[in-house]
Every structure is written in structure tokens, then in C-alpha cells.
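J.: Below you'll find the structure I mean.
The values are calculated or read from the model by the stated rules, or taken from the named source; none is laboratory data. Note that the structure is a prediction, hence the values are computed from the model and not measured. Positions of Cβ are backbone-derived with ideal geometry, glycine not excepted, and every protein chain shown enters the neighbour counts. With ligands, DNA and RNA removed, areas are computed over all heavy atoms of the protein, side chains included. Shrake-Rupley method; radii C 1.70, N 1.55, O 1.52, S 1.80 Å.
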Amino acid sequence: MKKLKILIIDDERNAREEIKLLLKSYPDVEIIGEAKNADDAKEQIDIKKPDLLFLDIQMPEKTGFDLLESLDNVPQVIFTTAYDQYAVKAFEVSAIDYLMKPIREERFAKAMEQLKVKSASKNDDRIFVKDRQQYHFISWNKVHLIESLDNYARLFFDDKSVFLKTSLNLLEQKLDESLFFRVNRAQIINLNYIDKIIPLPGGKLKVLLKTGDAPEASDRQSVKLKKLVKT
């Protein structure tokens, strides 16, 4: 059975050692590295592709939340911290769990049990977004529409929307082209949310999404979309 790859991120060496000691009781996991700051952690995440982060929230220079915001795809996360003021924020972002330092063995066991449940379900690619003091883990599969607004991209998912500080051009380069399609200069759609495509006079296409949104494809993108969906 494939072992779960774990990266431990904490600026305190004793805290990292504590987690490594607790993990010795779990033979189905593999510690692939440890980092003492967000920049080092990001470099390791990009290279090693861990399945789970044990992540300290309050670190010098950049917080654990800052790290998550910098990632194109976010692994599962168990937060660790000595500051309970972050507890509400941690659960707002739907982390697997939130462990207070010093970590009690029974609480650690509970977190690992929750991890087992999460790992049994399909883990979609997702992004971490901070927007107006709210924190979100967002599965790309649930994003049905992306719109450009000045220097931001607005992501629509479920019945919510958040702003991501990036241009639509840069974001498009990172998105899965089998899932997302740019219909015009200002909008990208999730192809899985297409309900109906309506031909317009002049050859353009209007795309009706299952959510009720109805973006209109540009001339050039209408030609591409016709080939893609064989309209």
C-alpha cells in the first residue's frame, strides 16, 4: 500500500521533533521532509509533492496561511500552533484538524483518524484563497466561472465567489485545459458545467451554464468551442 507522504513545517525544531515522534506509531506514513519557514516549505512542496502538511500557522516573516496562498495546488493540511486565536480561521478553511501545542497524544490520534477518512475520498486539486478576512480551500472542480476584474480574477463556486490577486492570463496558464475553457477576454468557464450551447447570428456562441450564467464566446473562441464540443 502506498504510504502517505508528509512534510512537517514549523520554525521550532522541538515542535518538528514532537510530530516526528508521534508519527512513529503510524507505519502507513512517510516523512519526506521538514521546513522551518514558508519559503523553504514551498520549495519542498513544489519538488516533493507531499500528500499532507503538518503546518504551523504563526512563523517569522510569512505565516502558514501565506504559504498556502502561494501554492498552485494545496495538499491536505493539519494545522499546529500555540495560538488558539487562529482556531476559528483554521476551521473556516476546512483543514483536516487543528492541534494545539504541546500536542496531546489522544488529540493527535483523532487528527490522524480524520485524515484516514479524508484520504479515503477523492482529493481534487484545490487552491487556498484569503478574501476579505475569510479563508477558503476551493476545489477547482467546483469553480464554474472565472471572471477578470482589474488585477484580480473572481472565482465563482457553489453559491460563493472570491477574489484572487492574479490576472486571467496568468491563471489560464495554470488551469487544466481539459476542464477550463476561455470563452472571451474576460471569462473562463468550467466545461463540466455547460448545460446548453446556443448559436447566435454571425457564428458566435452563447454558453448556458448549469448555474444560470450565460457568457458569450468571442468570434475566435466560438470557432474553438465548436470543435471542442462538436456543436
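J.: Comparing ILE47, ILE19, ILE138, which has the greatest mean-square fluctuation in the GNM of the chain with Cα pairs linked when under 10 Å apart?
T.: Most flexible of the set in this elastic network: ILE47.
J.: Hey, another quick one. Filter the GluC sites (Glu not before Pro) in the range 8-72 to those in DSSP coil with at most 15 other Cβ atoms within 10 Å of their Cβ, and list the result.
T.: Answer in residue order: GLU12, GLU61.
J.: Full-extension gain between ASP158 and ASP11, please, as 0.36 nm times their residue separation minus the C-alpha to C-alpha distance.
T.: Computed gain between ASP158 and ASP11 is 49.3 nm.
J.: Take every DSSP beta bridge with both residues inside the chain and express the antiparallel ones as a percent of the total, to the nearest 5.
T.: 60
J.: Roughly how many debye, to the nearest 20, is the charge dipole of the range 1-159 about its Cα centre, given +1 on each Lys and Arg Cβ, -1 on each Asp and Glu Cβ, and no other charges?
T.: Dipole magnitude for the range 1-159 comes out near 540 debye.
J.: Let me have the relative contact order for the chain, percent, based on Cα pairs under 8 Å that are six or more residues apart.
T.: 10
J.: If one takes the longest principal axis of the Cα atoms in the chain, at what angle in degrees, from 0 to 90 and to the nearest 10, does the Cα axis of helix 38-48 lie?
T.: With rounding to tens, the tilt is 70 degrees.
J.: Given a 10 angstrom Cα cut-off, can you work out which residue in SER148, SER25, SER161 is the most mobile in a GNM of the chain?
T.: SER25
J.: Given a 1.4 Å probe and the protein chains all in place, what does the accessible area of SER178 round to, in Å² to the nearest 10?
T.: In the full protein context, SER178 sits at about 90 Å².
J.: Follow-up. Stretched out fully, how many nm does the piece from GLU105 to ASP39 gain, at 0.36 nm a residue minus the Cα gap?
T.: 20.8 nm is the gain from fully extending GLU105 to ASP39.
J.: Would you list, by chain and number, the aspartates and glutamates whose Cα falls below 18 Å from the Cα of LYS118, excluding same-chain residues fewer than 8 positions away?
T.: The qualifying aspartates and glutamates are ASP28, GLU30, ASP51, GLU92, ASP97.
J.: Compute the acute angle (0 to 90°) between the alpha-carbon long axis of helix 219-229 and the principal axis of greatest extent of the alpha-carbon atoms of the chain; round to the nearest 10°.
T.: So the inclination is approximately 70 degrees.
J.: Computed FRET efficiency, Cβ-Cβ of LEU179 and ASP84, R0 25 Å: what is it to the nearest 0.05?
T.: 0.05
J.: Dipole of the chain (Lys/Arg Cβ +1, Asp/Glu Cβ -1, origin at the Cα centre): which of VAL162, ILE96, SER148 lies farthest to the positive side?
T.: Toward the positive end, the furthest listed residue is SER148.
J.: Over the Cα atoms of the chain, how large are the radius of gyration and the largest Cα-Cα distance (Dmax), in Å?
T.: Values for the chain (Cα only, Rg and Dmax): 20.6, 68 Å.
J.: Still on this model: In the range 112-180, which GluC sites (Glu not before Pro) fall in coil by DSSP and have 13 or fewer other Cβ atoms within 10 Å?
T.: Passing sites in the range 112-180 are GLU177.
J.: Out of the trypsin sites (Lys or Arg not before Pro) in the range 92-156, which ones are loop residues according to DSSP with at most 15 other C-beta atoms within 10 Å?
T.: Loop-located and lightly packed - ARG104, LYS122, ARG132.
J.: Counting only protein heavy atoms and using a 1.4 Å probe, what share of the accessible area of the range 131-196 belongs to carbon plus sulfur, as a whole percent?
T.: 43
J.: So, one more: Residue by residue through the range 169-178, which ³J(HN,Hα) values in whole Hz follow from phi under the Karplus form 6.51 cos²θ - 1.76 cosθ + 1.60 (θ = phi - 60°), with glycine and proline marked x?
T.: So the J values, rounded to whole Hz, are 5, 5, 5, 4, 5, 8, 6, 6, 5, 7.
J.: In whole Hz, with x marking every Gly and Pro, tabulate ³J(HN,Hα) for the range 149-163 from phi via Karplus 6.51 cos²θ - 1.76 cosθ + 1.60, θ = phi - 60°.
T.: Calculated HN-Hα couplings, in order: 9, 6, 9, 10, 10, 9, 9, 9, 8, 6, 10, 10, 8, 9, 9 Hz.
J.: Report, please, the projected area of the range 142-229 averaged over directions, based on the convex hull of its C-alpha atoms, in nm².
T.: For the range 142-229, the mean projected area of the Cα convex hull comes to 5.5 nm².
J.: Let me ask you something else. Could you give the angle, 0 to 90 degrees to the nearest 10, between helix 13-23's Cα long axis and the longest principal axis of the Cα atoms of the chain?
T.: Taking the Cα atoms of the chain, the angle to 13-23 is about 80 degrees.
J.: Kindly report the accessible area of the chain per residue (heavy atoms of protein chains, probe 1.4 Å, no ligands, DNA or RNA), in Å².
T.: Dividing the accessible area of the chain by its residue count gives 56 Å².
J.: Could I ask something else about it? Counting only residues 5 or more places away or on other chains, whose amide H sits under 5 Å from the amide H of GLU34 once H atoms are built in the peptide plane?
T.: Amide H neighbours of GLU34: ILE8.
J.: If I model the range 4-122 as equal point scatterers sitting on the Cα atoms and use the Debye formula, what is log10 I(q)/I(0) at q = 0.09, 0.11, 0.12, 0.14 Å⁻¹?
T.: One equal scatterer on each Cα of the range 4-122 leads to -0.20, -0.31, -0.37, -0.51.
J.: Specify the residue with the greatest mean-square fluctuation among GLN221, GLN76, GLN173, computed from a Gaussian network of the chain linking alpha-carbon atoms under 10 Å apart.
T.: With Cα springs under 10 Å in the chain, the top fluctuation among GLN221, GLN76, GLN173 is at GLN173.
J.: So, one more: Leaving ligands, DNA and RNA out of it, report the carbon-plus-sulfur percent of the accessible area of the range 4-122 at a 1.4 Å probe.
T.: Looking at the range 4-122 in its full context, I get 50 percent from C and S.
J.: For LEU21 and THR166, compute 0.36 nm times the residue count separating them, minus their Cα-Cα distance, and round to one decimal in nm.
T.: 48.2 nm
J.: Strictly over 29 Å apart at the Cα level, which of LYS49/LYS130; LYS48/LYS130; LYS165/LYS196; LYS42/LYS142 would you flag in this model?
T.: LYS165/LYS196
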